[in-house]
Amino acid sequence: MVKIAGQKAESFTLPLFGLAILAGIVFGAALGAAIFWPILAKESPFSLSGIGGGLVLALANGAWIGAIAAVFPATGATIALAIREKKRPAATGNSQALMGAIGSAAGGVFVVLALGAIFSQALDLVSGLASALAFLMLCFAIAWMSIRGLAQRRAATWIRPQSAAPAE
């Protein structure tokens, strides 16, 4: 793996929250549509306007719920990056990405516990645990890719590699 120069922890805060909320909106809307599609199709199989209106409502509700749920993993990643910077200021971008991803998954545990309490009667144990694991893996993956990508991009623009120097 290529070594990436570490960045200041606070430089990740705004992009990390923006990407998390954007991912929350997209995945929340998709999940809202997936959850409510069978209900909408069963209620009005011959009415496209009934399905369309219900689908828009499911997308909108899933989007704002996903945006709110995304704040917790982003907060966990930000806190983990700040702790990493205090303990080891000269961390590489790869170690920052790993620590941020672990913090994101830790922040995602709060969402899993809250949704688990809400949907405990509706889901059986296996599907509930599978959903929780999928959500935590998604939190980890998005945070790791986002932080590593931001660190890599910043390192490439701030430190010009020798091979990228213009020829004279």
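The values are calculated or read from the model by the stated rules, or taken from the named source; none is laboratory data. These figures come from a predicted structure and were not determined experimentally. Reconstructed Cβ throughout: ideal geometry from the backbone, glycine too, with neighbour counts over all protein chains shown. Remember, those area values only see protein heavy atoms, side chains included, never the ligands or the DNA or RNA. Shrake-Rupley method; radii C 1.70, N 1.55, O 1.52, S 1.80 Å.
Regarding Arg153, is this residue open to solvent by 80 Å² or more (accessible area, probe 1.4 Å), assigned to a helix (DSSP H, G or I) and charged (D, E, K, R)? The answer is yes for Arg153.
State whether one or more residues within the range 70-81 are in a loop (DSSP other than H, G, I, E, B) and small (Gly, Ala, Ser). Even if it seems obvious, please write down each step before you answer.
Residues of the range 70-81 that are in a loop (DSSP other than H, G, I, E, B), as a first pass: none.
No, every residue in the range 70-81 fails to be in a loop (DSSP other than H, G, I, E, B) and small (Gly, Ala, Ser).
Applying a threshold of 6 Å to beta carbon distances and a minimum spacing of six or more residues, or different chains, the list of pairs starting in the range 71-98 at a residue that is of a type in the set (Val, Ile, Thr) and ending at one that is open to solvent by 20 Å² or more (accessible area, probe 1.4 Å) and part of a loop (DSSP other than H, G, I, E, B) reads Thr92/Lys3; Thr92/Gly6.
Do we have any residue at all in the range 117-129 that's surrounded by 20 or more Cβ atoms within 10 Å (Cβ to Cβ) and among the aromatic types (Phe, Trp, Tyr)? Walk me through how you get there before you give the answer.
Kept after step one, since they are surrounded by 20 or more Cβ atoms within 10 Å (Cβ to Cβ), are these residues of the range 117-129: none.
No - not one qualifying residue is present in the range 117-129.
Only one entry in Gly66, Gly24, Gly52, Gly32 is assigned to a helix (DSSP H, G or I), at pLDDT below 90 and buried (at least 20 other Cβ atoms within 10 Å of the Cβ), namely Gly32. Among the residues of the range 1-21, those identified as of a type in the set (Val, Ile, Thr) and either at pLDDT below 65 or not in a helix (DSSP H, G or I) (or both) are Val2, Ile4.
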